[in-house]
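Novice: I am attaching a structure below and will ask some questions about it afterwards.
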Amino acid sequence: MARRKKIYEGKAKTLYEGPEPGTIVQYFKDDATAFNAEKRDVIEGKGVLNNILSEFFMLGLGQIGVPTHFLKRLNMREQLVRSCEIIPLEVIVRNHAAGSICKRLGLEEGTQLPRPIVEYCYKDDALGDPLVTEEHIAAFGWASQQDMDDILSLALRVNDFMSGVMLAVGIKLVDFKIEIGRIYDGDFQRLVIADEISPDSCRLWDQKTGQKLDKDVFRRDLGNLTDAYSEVARRLGVMPTNPPAAGKPTLVN
Ligand code: UDP
């Protein structure tokens, strides 16, 4: 295979120049990081599962008219996406209290919030992705007021879609993070859901048992992360045919 030009290497994905102008190949790695990369490990099969799960969610969003950067999955670890300019915000939607909001507001983990709450963090690893308000976003020009109206509406549509899809398979969508990209068509720009949507960026709890099926399994050492993500994929009917974490080959007589 011809050598491809690497554009960017992140914590969980590497981006390569795509085959056509305006396209990018996203390669999903097995690397897991938490607490601003202070905790790290390689979790065999995680990249394969996130690639397939993100494809599933992005395609579903496309089917209900929510624009995404997703074009097609290329293989078990790679997908082709439209190149876009990432708005430097992590857009977080919360349905139940977990993680940082519990610490910040003294809420008990699992408390149902009165309504979905959308928060914005400024994407900057060195600063630990601080929470920012719309005032900061407007003042520093990260997004316009029109962008913010569109981002809020996109975030809530993604939340309704994801909550419904998860509810149907007995999983509670506690919270999630999305990233938004700008795509330019001449002078015209539109916003799309970019990056990935996977158990790396969501909190997913079993409806009945409360079992965690997301990256908190890694953050808090609660068990095998690939097993948790495989359970999500299995319930959604997208489990890869060759389970990535099948372990060592066994001799067949
Ligand atoms: N999240 C993420 N990337 C980040 C920060 C948060 O994907 O850099 C996700 C996280 O997995 C959770 C949601 O956003 O589903 C809310 O995260 P929170 O603010 O509680 O952050 P945490 O305390 O987990 O770092």
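Novice: Give me the dipole magnitude in Debye, nearest 20, for the chain about the Cα centre, with unit charges on the beta carbon: positive for Lys and Arg, negative for Asp and Glu.
Specialist: Numbers: 33 positive and 37 negative charges, 170 e Å.
That gives the chain a dipole magnitude of about 820 debye.
Novice: Under the classification rounded if a/c is under 1.5, otherwise prolate if a/b is larger than b/c and oblate if not, where does region 96-172 fall, given a ≥ b ≥ c as square roots of the Cα gyration tensor eigenvalues?
Specialist: Numbers: a/c = 2.28, a/b = 1.36, b/c = 1.68.
It comes out oblate by the Cα gyration axes.
Novice: Sticking with this one: Considering the dipole of region 125-166 built from charges on the beta carbon (Lys and Arg +1, Asp and Glu -1) around the Cα centre, which of ALA139, VAL165, LEU152 is farthest to its positive end?
Specialist: VAL165
Novice: At a 10 angstrom cut-off on C-beta neighbours, averaged per residue, how do the peptides 15-22, 49-56 rank from highest to lowest? Intermediate results must be reported in sequence, preceding the final value.
Specialist: On the way: 15-22: 13.6, 49-56: 23.1.
Most protected by this proxy first, the peptides run 49-56, 15-22.
Novice: What does the charge count near ASP216 come to, summing +1 for each Lys or Arg and -1 for each Asp or Glu among other residues with Cβ under 15 Å from its Cβ?
Specialist: +2
Novice: What pairs from LYS13/LYS212; LYS39/LYS72; LYS103/LYS123 go past 25 Å between their alpha carbons?
Specialist: Working: LYS13/LYS212 23 Å; LYS39/LYS72 32 Å; LYS103/LYS123 20 Å.
The answer is LYS39/LYS72.
Novice: How compact is region 39-187 by the rule of thumb for globular proteins, expressed as Cα Rg over 2.2 N^0.38 Å?
Specialist: Compactness ratio reported: 1.12.
Novice: Taking the Cα centre of region 1-148 as origin, work out the dipole magnitude from +1 charges on Lys and Arg Cβ and -1 charges on Asp and Glu Cβ, in debye rounded to 20. Present the calculation step by step, with values, prior to reporting the outcome.
Specialist: Details: 19 positive and 21 negative charges, 107 e Å.
The calculated dipole for region 1-148 is roughly 520 debye.
Novice: Using a ≥ b ≥ c from the Cα gyration tensor of the chain (square roots of the eigenvalues), is it rounded, prolate or oblate, where a/c under 1.5 gives rounded and otherwise the larger of a/b and b/c decides, a/b for prolate? Kindly include the intermediate steps, with their values, before the conclusion.
Specialist: Values: a/c = 1.58, a/b = 1.12, b/c = 1.41.
Note, shape of the chain comes out oblate.
Novice: Arrange the following residues from fewest to most other Cβ atoms within 10 Å of their Cβ: CYS121, CYS102, CYS202.
Specialist: On the way: CYS121 18, CYS102 14, CYS202 23.
With the sparsest Cβ surroundings first, the list reads CYS102, CYS121, CYS202.
Novice: Hey, another quick one. Using per-residue counts of other Cβ atoms within 10 Å, averaged over each peptide, order 178-191, 123-136 from highest down. Mind showing how you got there, number by number?
Specialist: Numbers: 178-191: 14.4, 123-136: 11.9.
Answer by packing, highest mean first, reads 178-191, 123-136.
Novice: If each residue of separation counts as 0.36 nm, what is the full-extension length gain between TYR8 and GLN146 once their alpha-carbon separation is subtracted?
Specialist: Result: 46.8 nm gained on full extension.
Novice: Still on this structure, I have one more. Within the set of other residues whose C-beta is less than 14 Å from the C-beta of ARG190, count the net charge using Lys and Arg as +1 and Asp and Glu as -1.
Specialist: Values: positive: ARG82, ARG182; negative: GLU85, ASP147, ASP149, ASP150, ASP185, ASP187.
Neighbourhood net charge equals -4.
Novice: Please identify the helices of the chain, taking whole runs of DSSP H, that span at least 18 Å along their own axis as judged from the Cα atoms and have a mean Kyte-Doolittle score of 0.0 or higher. Before the final figure, lay out the partial values.
Specialist: Numbers: long enough: 46-63 (25 Å, 0.64); 145-167 (33 Å, 0.32).
Once both thresholds are applied, what remains is 46-63, 145-167.
Novice: Follow-up question, since we're still on this one. Using Cβ counts within 10 Å as a stand-in for footprinting exposure, how do TRP205, TRP142 rank, fewest first? Walk me through the numbers before you get to the answer.
Specialist: Values: TRP205 22, TRP142 17.
Placing the least packed residue first, the sequence is TRP142, TRP205.
Novice: Let me ask something additional. Return PHE140, PHE218 ranked ascending by Cβ neighbour count within 10 Å, so the fewest neighbours appear first. Write down the numbers at each step before the final one.
Specialist: On the way: PHE140 11, PHE218 23.
In order of increasing Cβ crowding within 10 Å: PHE140, PHE218.
FYI, it's all coordinate maths here, none of it is from the lab. Model, not experiment: these values are computed from the prediction. Cβ coordinates were reconstructed from backbone atoms using ideal geometry, including for glycine residues, and neighbour counts include every protein chain displayed.
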